[in-house]
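Below: the structure, in structure tokens.
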Amino acid sequence: MTDLTDLIDLIDLIDLIDLTDEESMTTRYLEIRQGVLSKNDQLAAGLRERFTRAGLFVANLVSSPGAGKTALLERVLAEMRAAGLQVAAVVGDLQTDNDARRLARSGALVRQITTDGMCHLEADMLAGKLEGWDLDALDFLFIENVGNLVCPTWYDLGEDVRLVLLSVTEGEDKPLKYPVMFNSADVAVITKTDLAAACECDLDAMRANIHSVRPGMRIFETSAKTGAGLPELIAFLLEQRRAKFGN
Amino acid sequence: MHELSIAASLVESAEQAARRAGAQRVTQVFLRLGALSGVAKDALLFSYDIATAGTLLAGSQLVIEDVPVIVHCDQCRCDVALPGIQDFRCPVCGRLCVQIVAGRELEIAGIEIEVADEEANPQPAT
Ligand SMILES: Nc1nc2c(ncn2[C@@H]2O[C@H](COP(=O)(O)OP(=O)(O)OP(=O)(O)O)[C@@H](O)[C@H]2O)c(=O)[nH]1
Ligand SMILES: [Mg+2]
Ligand SMILES: [Zn+2]
């Protein structure tokens, strides 16, 4: 083990003498090698195991505020329910349960997490919201994270797939401005494509920027207004679930 | 200031490890910070002083080792470091690289602690 005693500079040494009166102290190096967020990581790993045992496929949706997470989920939940799938959603917001009420109209099980100022969801917050749900009876769980392209990056929620949404109204260079989030995601969804022409959004440039920070990432293009692109996205989720659970 | 919650977790983990080792005080914390961790170094250093107040880490120094993004290039058949995080093309041949080898680290490598002498050199039980 590295002995760093030698490395203590003079200032630290003076400090040391000052603080240690009669009792004498030894300075030593303690190896830790542990993720800073290991507590959340461990909880998330536990959740992932639980979801897997229950045959539940979990998607975590992240985006900037207003990119269209709730609008997309409203349609996905409704279509999945119509196809006979059992779906649930947990939605995080700083305040209000507006999004949960919107999502509940689909008939899916929905719960709201009001973070009261916290800008992301953590595994323990999600775990607390699952109580009383029969996970075995569910096929899909969608987590709508708090609208924020920074903090949710760090917090694993036990999801199988992380979808980063990006609306055509936000500018083609969003991925270059938030490379860490785009890099942490598995799939990108370009939303509000019905507005692309009006916003003069250059979709080719947007795709290229996504691939610049995350080469090879699967990209879907959807409109919650017209329904365009939704069948492809839903087919992808079903296919991912089948690949994991074989049914 | 997203880094304050990161700093709080960092302090919690380090303090727990220090207590387990019977430390009286933590003097340094060694952190490995990947370029893809998304954590801003200055903000973290600033938050660190706030988060350590009143803990075993109070007055300690946060020593950050920057870890660059390293990707594997299929064409060059080797690992290469990237100069930034906005362009995942191999700096040598220009191919887009999918496989990330390093750069996501947000990890406590170790801590320097002060232990009272009898704890550092426990007397053999008689
Ligand atoms: N034209 C159009 N508008 C959309 C579409 N999707 C969402 N919107 C609108 O964009 C606004 C924000 O949509 P939300 O679904 O609430 O966005 P969100 O990401 O859930 O927002 P937060 O939860 O607050 O972060 C609403 O006014 C939606 O009606 C779309 O596909 N087309
Ligand atoms: Mg919403
Ligand atoms: Zn190369």
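Between chain B and chain A, the total buried accessible area stands at approximately 3500 Å², from heavy atoms with a 1.4 Å probe. Take the protein assembly as shown with all the other protein chains still there, run a 1.4 Å probe, and you get 46 Å² of accessible area per residue.
With each label modelled as a point 7 angstrom along the Cα→C-beta vector, the A:M118-B:F46 pair spans 2.4 nm. Between A:R28, A:R75, A:R207, the GNM of chain A built on Cα springs shorter than 10 angstrom shows A:R28 fluctuating the most. Mean per-residue shielding of peptide A:180-190 is 2, counting Cβ atoms of other chains within 10 Å of each Cβ. Comparing B:G38, B:G103, B:G94 in a Gaussian network model of chain B where C-alpha atoms under 10 Å apart are linked, the largest mean-square fluctuation is found at B:G94. Looking at chain A, the DSSP beta bridges with both ends there are about 0 percent antiparallel. Once the mean of 1/r is taken over each pair of separate Cα atoms and inverted, the stretch B:1-58 shows a Kirkwood hydrodynamic radius of 11.8 Å. Ordered from largest to smallest accessible area (heavy atoms of protein chains, 1.4 Å probe), the residues B:I6, B:I85 come out as B:I85, B:I6. Using a/c under 1.5 as the rounded threshold, could you call the stretch A:205-247 rounded, prolate or oblate? The axes a ≥ b ≥ c are square roots of the C-alpha gyration tensor eigenvalues, and prolate needs a/b larger than b/c, oblate otherwise. Judged from the Cα gyration tensor, the stretch A:205-247 comes out oblate (a/c at least 1.5, b/c at or above a/b). Note on A:R218/A:T26: beta-carbon distance plugged into 1/(1 + (r/R0)^6) with R0 of 45 Å gives a FRET efficiency of 0.25. Within the accessible area of the stretch A:38-245, what % is carbon and sulfur when the probe is 1.4 Å and the other protein chains stay in place? Carbon-and-sulfur percentage of accessible area, whole number: 48.
Peptide B:12-25 is shielded by partner chain Cβ atoms: per residue, an average of 3 of them sit within 10 Å of its Cβ.
Calculated mean residue ellipticity at 222 nm for chain A: -11000 deg cm²/dmol, from DSSP H runs with n ≥ 4 weighted as -39500 (n - 2.57), summed, divided by the residue count and rounded to 500. When the residues A:K39, A:K174, B:K41, A:K69 are ordered by accessible surface, computed with a 1.4 Å probe over the protein chains alone, the sequence from largest down reads A:K39, B:K41, A:K174, A:K69. Please report how many Lys pairs in chain A have alpha carbons closer than 29 angstrom, counting only residues at least 8 apart along the chain or sitting on separate chains. Summing the qualifying lysine pairs gives 16. Near A:T114: Cβ cut-off under 13 Å, other residues only, Lys/Arg at +1 and Asp/Glu at -1. The net charge is -2. Going toward the positive end of the dipole of the protein assembly as shown, with +1 on Lys and Arg Cβ and -1 on Asp and Glu Cβ, which of A:V150, A:M206, A:L195 do you reach last? Among A:V150, A:M206, A:L195, the one farthest towards the positive end of the dipole of the protein assembly as shown is A:L195.
In this calculation the C-beta distance from A:T169 to A:E232 is compared with R0 = 22 Å, giving a FRET efficiency of 0.55.
With a 10 Å cut-off around each Cβ of B:111-117, the average count of Cβ atoms from other chains is 6.
Temperature 4 °C, viscosity 1.567 mPa s: under these conditions the Stokes-Einstein estimate for the stretch A:38-245, based on its Kirkwood radius over C-alpha pairs, is 76 µm² per second.
Compute the whole-percent fraction of alpha carbon pairs in the stretch B:3-115 spaced more than 21 Å apart. That tail contains 45 percent of the Cα-Cα pairs. Which of the three applies to the protein assembly as shown, rounded, prolate or oblate, going by the alpha-carbon gyration tensor with a ≥ b ≥ c and a/c under 1.5 meaning rounded? Prolate, because a/c is 1.5 or more and a/b exceeds b/c.
Between A:D186 and A:A137, the simple label model (points 7 Å from Cα in the Cβ direction) yields a spacing of 2.6 nm. Residue ranking by accessible heavy-atom surface, 1.4 Å probe, largest first, among A:Y29, B:Y48 comes out as A:Y29, B:Y48.
The values are calculated or read from the model by the stated rules, or taken from the named source; none is laboratory data. The structure displayed is predicted, hence computed values, not measured ones. Cβ sites come from the backbone with ideal geometry, for glycine too, and all protein chains shown count toward neighbours. All accessible areas refer to the heavy atoms of the entire protein, side chains included, with ligands and DNA or RNA removed. Shrake-Rupley method; radii C 1.70, N 1.55, O 1.52, S 1.80 Å.
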